[in-house]
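Take a look at the structure set out below.
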Amino acid sequence: MQATWVNGTATDQINIADRGLGYGDGVFETIAVIGGHPQRLPQHLSRLAYGLARLGFPDQVASQVESDLAQLPLCGDQTVKVIVTRGEGLRGYAPPQTVSATRIITVAERALNTAKMEKGVVARVCDYRLPLNPALAQLKHLNRLDQVMARAEWQDPNISEGVMLDAEGFVVEGTMSNLFWYDPEKGEVQTPLIDRCGVKGVMRDHLIGLLKRESISVVEGRFLPSVLMQANDLFMCNSLIGLWPIVTLDNKHYDVGPITRLLQSILQREIDCE
């Protein structure tokens, strides 16, 4: 069951001339709701505002979305998806001089996959590579064709995620997640640098903060996929799933490590304290 609001009104229809539909002109956020409480809402709103500013939207749009969210009848465990487009426009790529943004919010029921959190998941390295585009790097913009192409590479229901490389062959992210792993030689947790492509996830940034708080060294950098073959404690994360251990990547098998379990326990304590 899903409920939809457009510009604060309960409806599931938008104008066919909307630039989000025609050009993918906009950004989105996906927010986990647990026990009626949106998780890490300030961080999601901050990223949304950053993305809107990068795309040249008026400053007041972010505050309008915040007002929309404050009116939602949230309860239990749900998923809130916020889509903001540049609104209706004439044909052609040139954005309208006056922007009347379209704000779309959907709320749906959400169920945690506790088995994947506990036992871990299988992943593969995708053939499709992310193009380098620093101008749109980090943003959760509406053009997700790169992820669609990568996800179309497999139909095996036992594979939960695909690891995406950039055009130069460096690890960037999963199709729907950010990645972390532990390098036993250097004694540090590593995660790809998101500066030339990819999404700078809210959960990713939260986990980096938790690792530093626990005095665990964490390094953002450019890493070839061969690094993953030598790593321990590999895991993926996003705002909806939280943290899933990766126990198989192509033909490499991993144990669920202590850093994964530590972060999972901290995330659970944060939920319990809500």
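With all protein chains present, how much of the accessible area of the chain (probe radius 1.4 Å) comes from carbon and sulfur, to the nearest whole percent?
52
When only the heavy atoms of the protein chains count and the probe is 1.4 Å, how do 126, 273 rank by accessible area, highest first?
273, 126
Would you rank 50, 93 by solvent-accessible area, highest first, keeping every protein chain in place and using a 1.4 Å probe?
93, 50
Show me the helices of the chain, taken as full DSSP H stretches, that run 18 Å or more along their long axis by Cα and average -1.0 or above in Kyte-Doolittle hydropathy.
Span-like helices, by this rule, are 41-54, 258-272.
Checking the a/c ratio against 1.5 first, then a/b against b/c, what shape does the Cα gyration tensor give for region 7-69?
Oblate, because a/c is 1.5 or more while a/b does not exceed b/c.
Per residue, how much accessible surface does region 20-171 expose to a 1.4 Å probe? Answer in Å², no decimals.
Each residue of region 20-171 exposes 52 Å² on average to a 1.4 Å probe.
Which sequence of 181, 244, 5 reflects their accessible areas, 1.4 Å probe, from the largest down?
Descending order: 5, 244, 181.
Please give every one of the lysines within straight-line cross-link reach of residue 116, meaning a C-alpha to C-alpha distance under 21 Å, and leave out same-chain neighbours fewer than 8 residues apart.
252
Could you tell me the relative contact order of the chain? Use alpha-carbon pairs under 8 Å, at least six residues apart, and round to a whole percent.
Over the chain, the number comes to 18 percent.
Using 0.36 nm times the number of residues separating residue 272 and residue 93, minus their current alpha carbon distance, what extension gain do you get?
59.7 nm
Using only DSSP helix segments of four residues or longer, with each worth -39500 (n - 2.57), what per-residue ellipticity at 222 nm results for the chain after dividing by its residue count and rounding to 500?
-8000 deg cm²/dmol
Return a whole-number percent for the relative contact order of region 220-262, with Cα pairs under 8 Å and 6 or more residues apart as the contact set.
Relative contact order for region 220-262 comes out at 35 percent.
What spacing in nm lies between the two simple spin-label points modelled at residue 115 and residue 152, each 7 Å away from Cα in the Cβ direction?
2.9
Within region 255-273, list the residues whose amide N lies under 13 Å from a label point set 7 Å along Cα→Cβ of residue 37.
Residues passing the 13 Å test: 267-273.
Reachable lysines from residue 140, Cα under 19 Å, same-chain residues fewer than 8 places away excluded?
Within reach: 81, 200.
The values are calculated or read from the model by the stated rules, or taken from the named source; none is laboratory data. Note that the structure is a prediction, hence the values are computed from the model and not measured. Positions of Cβ are backbone-derived with ideal geometry, glycine not excepted, and every protein chain shown enters the neighbour counts. In case anyone asks, the SASA skips ligands and DNA or RNA and just uses the protein heavy atoms, side chains included. Shrake-Rupley method; radii C 1.70, N 1.55, O 1.52, S 1.80 Å.
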